[in-house]
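Read-outs throughout are calculated quantities, based only on the coordinates presented, and are distinct from any laboratory measurement. All of these numbers come straight from a predicted model, not from anything done at the bench. Note that each Cβ is placed from the backbone with ideal geometry, even for glycine, and that neighbours are counted across all protein chains shown.
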Amino acid sequence: MLYEASVGGGIPIIGCLVKELAANRFRSVRSIINGTTNYILTRMANDHTDFSLALAEAQEQGYAEADPTNDIEGYDAVYKLSILAGLAFHRRVPPQAIYREGITRLQAQDFRYAHELGYAIKSLAIATMEDGAIQARVYPALIPQDNMLAKVDGVYNAVEVEGNLCGQVLFHGRGAGRGPTTSAVVGDLIEIARNLGSKSTSLPSVALDNAGGLKSIDDLECKYFPPAQHCRPARGAGPDSAYPR
Ligand SMILES: NC(=O)C1=CN([C@@H]2O[C@H](COP(=O)(O)OP(=O)(O)OC[C@H]3O[C@@H](n4cnc5c(N)ncnc54)[C@H](OP(=O)(O)O)[C@@H]3O)[C@@H](O)[C@H]2O)C=CC1
Ligand SMILES: N[C@@H](CC=O)C(=O)O
């Protein structure tokens with residue numbers, strides 16, 4: 001089975017994790033993997049657009065799921081992160097084990113304050129492997145404006161992976177919409193057609209160990225915090241040390 005369109009729209013991240021970067025042991029996946037929420041956050045931050053209007057635009061442009069709750073409450077990003085983390089760490093990372101927070105509680109003032117302090121608000125999907133334990137989370141976060149992920153705007157997605165051999169590699173491209181999705185789906189069909197009659201499979205399968213060693217969000221120490229009213233400052237960290245770990 002091929003499933004390139006399942007994460008990142010037109011970004012060829014699945015094939016790269018499974019094939020081109022297969023030699024690596026990965027330490028982290030940091031990403032923006034929902035086009036609808038990134039579009040909404042960008043419109044709210046840059047143009048002061050109202051949440052509902054920005055969501056309606058994303059629906060009109062074909063980015064949102066049939067039920068946009070999946071996008072704006074972070075479920076879509078959780079499913080996608082479950083796939084990426086599984087492929088990166090060779091371990092099952094069930095969606096239920098991923099901490100999730102949507103973007104619906106953000107307000108205009110959050111963007112104003114973030115901007116004044118030198119931050120952007122992005123819905124990040126992050127999975128890290130440390131001492132054999134995986135921690136995975138999806139939530140809106142403050143990131144410094146000079147961080148590359150802060151510059152990923154509109155329907156664009158980005159996935160930064162860090163491998164022991166390749167170091168940090170950043171993928172950037174359109175994460176939703178007709179063209180990018182067609183690119184991924186038809187690319188898979190072409191790959192299948194090329195392999196018809198051959199005994200080799202189109203995409204090598206990755207063996208996944210059963211879930212284990214998954215760290216809860218409560219055990220996480222990081223140098224940044226989410227912006228909403230439920231703001232949870234990281235231990236010993238302030239806005240000036242807010243690099244997403
Ligand atoms: N939109 C995007 O940018 C991306 C979408 N995807 C994924 O692709 C899939 C489709 O998304 P999208 O095209 O946006 O969704 P849409 O809701 O626009 O289209 C879904 C299509 O599936 C048809 N359909 C639904 N249920 C059935 C069924 N039981 N039998 C036959 N046909 C059915 C619908 O027909 P009808 O109109 O008659 O109900 C409709 O034509 C989703 O899983 C989505 O997550 C992945 C990457 C990007
Ligand atoms: N609804 C999704 C579409 C692709 O999976 C998104 O907005 O990213």
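Worth a mention:
- Pairs of Lys in the chain closer than 26 Å at Cα, counting only those 8 or more apart or on different chains: 11
- Degrees separating the helix 35-47 axis from the principal Cα axis of the chain, which is the longest one: 30 degrees
- Taken one residue at a time, the phi angles of region 164-173 give Karplus couplings (6.51, -1.76, 1.60, θ = phi - 60°) of 5, 9, 7, x, 7, 10, 10, 9, 9, x Hz. Gly and Pro are set to x.
- Cα gyration tensor category, rounded, prolate or oblate, for the chain with a/c compared to 1.5: oblate
- Spin-label model distance (nm) - Arg27 vs Asn210, 7 Å beyond Cα toward Cβ: 3.1 nm
- Rounded FRET efficiency, nearest 0.05, which uses the C-beta distance separating Asp153 from Ser200 and R0 of 41 Å: 0.55
- For Asn157, residues with placed amide H under 5 Å, excluding near neighbours: Gly173, Arg174, Gly175
- For region 164-188 versus region 62-121, the gap between their alpha-carbon centres in whole angstrom: 18 Å
- Inter-label distance, nm, simple model (7 Å from Cα along the C-beta direction), Val185/Glu130: 4.0 nm
- Computed over the chain: relative contact order in percent, which uses C-alpha pairs under 8 Å that are six or more apart: 29 percent
- Placing dummy labels 7 Å off each Cα toward the beta-carbon, the span from His48 to Glu116 is 1.4 nm.
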